[in-house]
Amino acid sequence: MHTEPLLHWALWPQAREAREMLMRYDYAETKDLCKQFLTLVSGVLVFSLAFAEKIADFQKSPKFTRYVLLASWTLLVASIASCGIALVYLALAGGQAVYGAGDYYLQLAARCYTFVIAAGAFFVVGLVALVLAGAVATLSRVSGPKAVGRQMDSRD
């Protein structure tokens, strides 16, 4: 028994046009957006990992700074995973639009966009956490009396 609702015969031209629009514009643009976004997030993650000691000295930083930095990295990894899942849903939506019957591809595309938005949110919050960790680490270094004395000596 067929469980998926069939489109009325009068709606077939609109459905065909919607499929063509998805494949012509939405698929290509979203795929490019995800690829570029993955490159950006991966670069920020690698950069922050490579310069972690410059951002926050783990030996001397307060626990709060370390936890915020770890939260930042976790959010960046979650952003990468979410964007990867979005690409999977996009590929499924494209395949369903080309080879499937009905409008199930629209549900897959909606899931894709949900994961793209989640990836963006994870990235923004992770980036804010990274900046916060750097700011707290810098302020904790500067606020110590020895650090202030070294800054004053270096000016002379």
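The values are calculated or read from the model by the stated rules, or taken from the named source; none is laboratory data. This structure is a prediction, so every number in the text was calculated from the model and none was measured. Cβ atoms come from the backbone with ideal geometry, glycine included; neighbour counts cover every protein chain shown.
Assorted remarks:
- For the condition modelled with pLDDT under 85 and among the hydroxyl-bearing types (Ser, Thr, Tyr), residue 48 does not qualify.
- Criterion applied to 6, 11 was being assigned to a helix (DSSP H, G or I), on the phi < 0 side of the Ramachandran plot and at pLDDT below 85, and the one residue passing it is 11.
- Residue that is modelled with the lowest pLDDT [pool: residues in region 14-45 that are under 27 Å from the mean Cα position of the chain (by Cα) and among the acidic types (Asp, Glu)]: 26
- Counting only helices (runs of 4 or more DSSP H) that sit wholly inside region 17-108, those with at least 1 residues that are surrounded by fewer than 12 Cβ atoms within 10 Å (Cβ to Cβ) and hydroxyl-bearing (Ser, Thr, Tyr) are 27-50, 63-99.
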